[in-house]
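Written below as structure tokens is the structure these notes are about.
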Number of protein chains: 2
Amino acid sequence: MATYFSKRNLQFLLHEVFQAEQLAQYEYFSGHDKETFNMVLDSVTHIADTLMHPYFKDADKNQPELKDGKVTVHPKVKEFLKAMGEAGLIGAGFSYDHGGQQLPELINSTVGFILMAANNGMMYTGLTSGAAHLITSFGSEELQKTYVENMLSGKWQGTMALTEPQAGSSLSDVVTSATPQPDGTFKIRGQKVFISAGDHDAADNIIHLLLARIDGAPKGTKGISLFVVPKYRTDGAPNDVTSTGVYHKMGQRGVPAMHLTYGENDDCIGYLVGQPHMGLSYMFQMMNEARIGVGMTAAAIATAAYHAALQYAKERPQSRRLNQKHALDAPQTPIINHPDVRRMLLFQKAVTEGSLSLLLETARLFDLAQVTEGEEKENNTLLLEILTPMAKTYPSEMGVQATSQSVQTFGGYGFTEDFPVEQLYRDIRITPIYEGTTGIQAQDLLGRKMTMKGGKAAQLLFAEISKSIAEASAYDDLKPYADKLKGELKQAQEVFMALMPHAMSDVERYLSDATLFLEMLGIVTVAWQWLKQAVVAKQALLTQNPQGDELTFYEGKIHTMKFFFHYEVPKTLGLAARLKDPEVLTIVSEKELAL
Amino acid sequence: MATYFSKRNLQFLLHEVFQAEQLAQYEYFSGHDKETFNMVLDSVTHIADTLMHPYFKDADKNQPELKDGKVTVHPKVKEFLKAMGEAGLIGAGFSYDHGGQQLPELINSTVGFILMAANNGMMYTGLTSGAAHLITSFGSEELQKTYVENMLSGKWQGTMALTEPQAGSSLSDVVTSATPQPDGTFKIRGQKVFISAGDHDAADNIIHLLLARIDGAPKGTKGISLFVVPKYRTDGAPNDVTSTGVYHKMGQRGVPAMHLTYGENDDCIGYLVGQPHMGLSYMFQMMNEARIGVGMTAAAIATAAYHAALQYAKERPQSRRLNQKHALDAPQTPIINHPDVRRMLLFQKAVTEGSLSLLLETARLFDLAQVTEGEEKENNTLLLEILTPMAKTYPSEMGVQATSQSVQTFGGYGFTEDFPVEQLYRDIRITPIYEGTTGIQAQDLLGRKMTMKGGKAAQLLFAEISKSIAEASAYDDLKPYADKLKGELKQAQEVFMALMPHAMSDVERYLSDATLFLEMLGIVTVAWQWLKQAVVAKQALLTQNPQGDELTFYEGKIHTMKFFFHYEVPKTLGLAARLKDPEVLTIVSEKELAL
């Protein structure tokens, strides 16, 4: 079987860089240790290797179809859901009370990474887990009893039913209605689009976590409530949820994206989750996890593409080295020996391993925010909040580019279905759109996270990065990179100071280039992750006297860190120049006629 | 019908910027004037509107299949080829002697642009024309008489049969053999892969222009000869060319990419074109046209995507402007009014119209190189040579990114088959690979074109750019951009000076970041094209008192020029920093173990 991720790299990040075991010192995670973590990862790797990866192309080729009101998905999906449920992997992150294993998100998100690297088109269990988490966090005892067990066992599918045809990213314009009934339930009426796994035949029931407005609710985001809307009621009767259409998509074809109609015959019952009008705030409490999840999916897809390209580049002979062009009797050299190909591969490695590191950093903060108290908790939460837009966007946007370079590494073959990269290139393109587009993430970062609590989140982030800079400065060969990162922090601060004056006076102007600000800070945070990895690798090289593959591994880490600093970090120069530039060119009143 | 390109922009570029009519002052083009040019464009637009664009999705959905040795393509292909032949559009660029119209490449490449914007998956006629051009340029009277007429009428398909499974980009490793026969013909034996339109049922015969080695020929590129190898011989008998496979591709699915076997039964006859061992040099004389053709295809695909995104952004209401977020009673605003969406659209406009301008500049040089004499001819040829790698690569690489932003403009809908952008995103990905990958183009630019004739081509290019700078400097509001471009030229020269010392001592080191050099010079040349367009627009605004749509058009040109300078040009800062940086990280001997 082809390699689709590096186990060694996962072990390095989890145990050497992020010291996963340290989480076990907290009461909540005290049932775990390195061994239980690795058991979970072995278990999911087995499922990924046997039930997912072999069907990577097959699930793409046989995309879900809607016929006679039924959605048929790949036959392996049912087996996969069952195996995941039986291994306890759908609810592994849930508390013992809710039937989970209290597994840290650091490990749980790694489970997602492995699954998505194996076959990202079979994206079912993360959705169920997110939906069930909303019920256990905010739902009544009864809702919990009715739904959670069957969801975590893989029998029932969960969904997030947010998007509506007329609303898209603008959740304040949601119009699906909920009419109170005498028995305390609600009648739901409306349409939702792009509902992933919104209907399929591999689950016995579909449980929608749906946003709707209770009749008479305030306008905007403050009038939105959260409901559980099952496809089948507890007595087995259908609940008037109609599959109106299945979108045919460019990628991620293994999972159906549904257009659903609720209450076509005025007989769709929904159950309120928590308090009325609190739906969006509940949803947002799940948002960090969901966004880390999308970033992880992107990192996983780009990782699978990188490993395919790496293997090809090692095996494919083509031409001679540029200094030996005329040695026509010499055999052709593997393309990995051409600097341009090596540059493309190092780019893919730098992006994918840097992304994964940033995502695990974020997942670890998620865990720490959960188990710490007082100021520590607040600090962890603020760091998690500010890193989330980068952790969602950098892996997605740069993952698209990395996967494009995987295609390029294969040349013409990369464009054909003979290799996996064309599919991965199609699959990954959705990730800058899912769970808040890049533009929405950018507004979140610059419009909210940078300024929240008087800028405290940003200060904390810069302090964390400065800690890594100080650590790296102790090593002569890392110091130049530490200094470089110090300069990047300074530049980022200057850019922010140049933008700040607009924040109060003209928010549209303030945010007009927010996407570029996010891009710049994404590069800075991933540079930080590379410096962090390089410090750990350096320490291993100095203290462990590694040999063979281990030596290669650690040297490769330091080499890739250097690559990131020499090839990727300079991109901030252009971004900073633009962000400090006062010329406004994208605001409608400035130039009504430009397009 | 949806708009897939802007006729107004084409008219602007052809007549206002590049003054196509001026070509008619040369004897060779003297049969033409603005009217005949526009008749050609009307004629091709009619074909594109009626026979191509309506089948854009259909051709993708019904990709060519190989069954019982026959390749079936979309039924409209035959009609399309017939219409193109009857309109004289396949051979329009050929001389009157060869049945053509002596149409300048400036117009001929625009014909390609319109066809490819309409339906790039039906890429047949450009291949035939390129193959026929090789025969008219280098083939015997007899070959010309036998093949050219049926090719230009659209009855017979032409192909370029270069790539072999073991050789790919490395043409010096071609092994297909040609054994001389007593009658002066050759027996051909070998395999070719990725042969576009290499077999199909819409043509009565397939004429391969094939590279092979005559038995005993020298090794390397100097032993390669060019042959005509028909699928059917003149007596109608099959010529032992077997369709071994059809590649299933991510995009451009309307045209089959074939794996072909020649001489499986030792009965494949080939006819030598020109002199033995001159094949590659003949092929390279066609290379500029072919590379402009690929750039044009990329620009056309990205243009179609931009116009789809623009239309959607004008029509799709979503959310309120950022300064009016809380005006919940206000209707949602079209997304074009959001700065981030406008930025994405301006990016697409800047890339696509800048690319098209660069391509037409290059096509015009192709024409001038053909009709001028002496030093003028040499200068035009050198300019054409140095611009070709940029004209192929910038539209391809940046077109991929522009089309990605078209998808992003649509949000989730862009990922579905309900809109054309997902297909265009798949289609365009091949263009950085076709006709020499980006890496190959980069080696051509830095390794050959920058240094040829003692650097004269580069000097001529910089002189041309400086002319536009001088013109723009006459207008107060364009002067800052002229100054900026002057700075970019200086920076590019500094970068080149920093690399030069390696050119003699270590060519692998010299070329190790050639792709970044090409990227940088691509931005500079497209900035030049935008400044050129802005000068023409400025003159029109000052002298023609345009109103309404015309005013919008010219102001939009100046606005987009500014956008290019404020958002795209700063990217050279990071590229120049990397290119001047002495750290070597991609050469194999430096770090065997990095990956």
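Residue under question is A:GLY414, and the condition is that it be within 11 Å of chain B (Cβ to nearest Cβ) and either surrounded by fewer than 24 Cβ atoms within 10 Å (Cβ to Cβ) or basic (Lys, Arg) (or both); does it hold? Judged against the criteria, A:GLY414 is not a match. The helices (runs of 4 or more DSSP H) falling completely within the stretch B:484-583 that include 2 or more residues that are away from chain A (no Cβ under 12 Å), within 28 Å of the chain's Cα centre (by Cα) and touching a residue at least 60 places away in the same chain (Cβ under 8 Å) map to B:514-544.
If you go through the stretch B:1-21 and keep only what is more than 18 Å from B:MET39 (Cβ to Cβ), polar (S, T, N, Q) and assigned to a helix (DSSP H, G or I), you end up with just B:ASN9. Selection over the stretch B:149-184 of residues that are away from chain A (no Cβ under 12 Å) and either within 24 Å of the chain's Cα centre (by Cα) or farther than 24 Å from B:THR244 by Cα (or both) gives a count of 17.
For the stretch A:232-252, name all the residues that are of a type outside the set (Lys, Arg) and within 14 Å of chain B (Cβ to nearest Cβ).
A:THR244, A:GLY245, A:VAL246, A:TYR247, A:HIS248, A:MET250, A:GLY251, A:GLN252
So which residues in the stretch B:426-467 are of a type in the set (S, T, N, Q) and under 18 Å from B:LEU280 (Cβ atoms), if there are any at all? Within the stretch B:426-467, B:THR437, B:GLN441, B:GLN443 qualify. Inspect all residues belonging to the stretch B:400-410 and state whether any of them is more than 10 Å from chain A (Cβ to nearest Cβ), modelled with pLDDT of 95 or more, crowded, with 24+ Cβ neighbours inside 10 Å and within 21 Å of B:TRP528 (Cα to Cα). Yes; the residues of the stretch B:400-410 include at least one that is more than 10 Å from chain A (Cβ to nearest Cβ), modelled with pLDDT of 95 or more, crowded, with 24+ Cβ neighbours inside 10 Å and within 21 Å of B:TRP528 (Cα to Cα).
For the stretch A:373-398, filtered to residues that are of a type in the set (Val, Ile, Thr) and in contact (Cβ under 8 Å) with a residue 24 or more places away in the chain, the residue that is farthest from A:PRO432 (Cα to Cα) is A:ILE386.
For the stretch A:129-166, the tally of residues that are touching a residue at least 40 places away in the same chain (Cβ under 8 Å), assigned to a helix (DSSP H, G or I) and out of contact with any Asp or Glu (no Cβ under 8 Å at 6 or more places or on another chain) stands at 15. For the stretch B:470-482, state whether one or more residues are part of a loop (DSSP other than H, G, I, E, B) and surrounded by 14 or more Cβ atoms within 10 Å (Cβ to Cβ). Checked the stretch B:470-482: at least one residue is part of a loop (DSSP other than H, G, I, E, B) and surrounded by 14 or more Cβ atoms within 10 Å (Cβ to Cβ). Please go through the stretch B:422-441 and give me each residue that is more than 15 Å from A:VAL341 (Cβ to Cβ) and in a helix (DSSP H, G or I), ordered by number. Scanning the stretch B:422-441 gives B:GLU422, B:GLN423, B:LEU424, B:TYR425, B:ARG426, B:ASP427, B:ILE428. Give the residues of the stretch B:215-239 that are in a strand (DSSP E or B) and of a type in the set (Val, Ile, Thr), sorted by residue number. Passing the criteria: B:VAL228, B:VAL229.
Against the numbered list (1) within 18 Å of B:LEU134 (Cβ to Cβ); (2) small (Gly, Ala, Ser); (3) assigned to a loop (DSSP other than H, G, I, E, B), B:ALA212 comes up short only at (3). Of a type in the set (Asp, Glu), closer than 30 Å to A:LEU445 by Cβ and away from every other protein chain (no Cβ under 14 Å): does that describe A:GLU289? Answer is yes for this residue. Looking at the stretch A:421-464 only, could you name the residues that are among the small types (Gly, Ala, Ser), in contact with a helix residue (DSSP H, G or I) (Cβ under 6 Å, 6 or more places away or on another chain) and either at the interface with chain B (Cβ under 9 Å from one of its Cβ atoms) or on the phi > 0 side of the Ramachandran plot (or both)? Matches in the stretch A:421-464: A:GLY439, A:ALA442.
Among the residues of the stretch A:270-292 satisfying the criterion of being small (Gly, Ala, Ser) and surrounded by fewer than 24 Cβ atoms within 10 Å (Cβ to Cβ), which is modelled with the highest pLDDT?
That would be A:GLY274.
When A:LEU356, A:LEU280, A:LEU310 are checked against the criterion of being in contact (Cβ under 8 Å) with a residue 12 or more places away in the chain, closer than 30 Å to A:LEU226 by Cα, touching a helix residue (DSSP H, G or I) at 6+ places or on another chain (Cβ under 9 Å) and part of a helix (DSSP H, G or I), A:LEU280 stands alone in meeting it. For the stretch B:48-95, residues that are in contact (Cβ under 8 Å) with a residue 24 or more places away in the chain, part of a helix (DSSP H, G or I) and among the hydroxyl-bearing types (Ser, Thr, Tyr) total 1.
Can you name the residue in the stretch A:316-325 that is out of contact with any Phe, Trp or Tyr (no Cβ under 9 Å at 6 or more places or on another chain) and at the interface with chain B (Cβ under 7 Å from one of its Cβ atoms) and is also surrounded by the fewest Cβ atoms within 10 Å (Cβ to Cβ) among such residues?
A:ASN323
Residues in the stretch B:194-231 that are within 14 Å of chain A (Cβ to nearest Cβ), closer than 29 Å to B:LYS78 by Cα and out of contact with any Phe, Trp or Tyr (no Cβ under 8 Å at 6 or more places or on another chain): B:ILE195, B:SER196, B:GLY198.
Among the residues here, B:VAL246 qualifies as part of a strand (DSSP E or B), of a type in the set (A, V, I, L, M, F, W, C) and closer than 30 Å to B:ILE301 by Cβ. Scanning the stretch A:198-209 for residues being buried (at least 19 other Cβ atoms within 10 Å of the Cβ) and assigned to a strand (DSSP E or B) gives a total of 4. Per the listing B:PHE94, B:PHE18, B:PHE37, the residue uniquely over 20 Å from the mean Cα position of the chain (by Cα), over 17 Å from B:ALA202 (Cβ atoms) and crowded, with 17+ Cβ neighbours inside 10 Å is B:PHE37. So which residues in the stretch B:326-343 are facing chain A (nearest Cβ under 8 Å) and surrounded by fewer than 23 Cβ atoms within 10 Å (Cβ to Cβ)? Once the filter is applied, which keeps residues that are facing chain A (nearest Cβ under 8 Å) and surrounded by fewer than 23 Cβ atoms within 10 Å (Cβ to Cβ), the stretch B:326-343 yields B:HIS326, B:LEU328, B:ASP329, B:GLN332, B:ILE336, B:ASN337, B:ARG343.
The values are calculated or read from the model by the stated rules, or taken from the named source; none is laboratory data. Values in this document were obtained by computation on a predicted structure and should not be read as measured data. For neighbour counting, all protein chains shown are included, and Cβ atoms are generated from backbone atoms with ideal geometry for every residue, glycine included.
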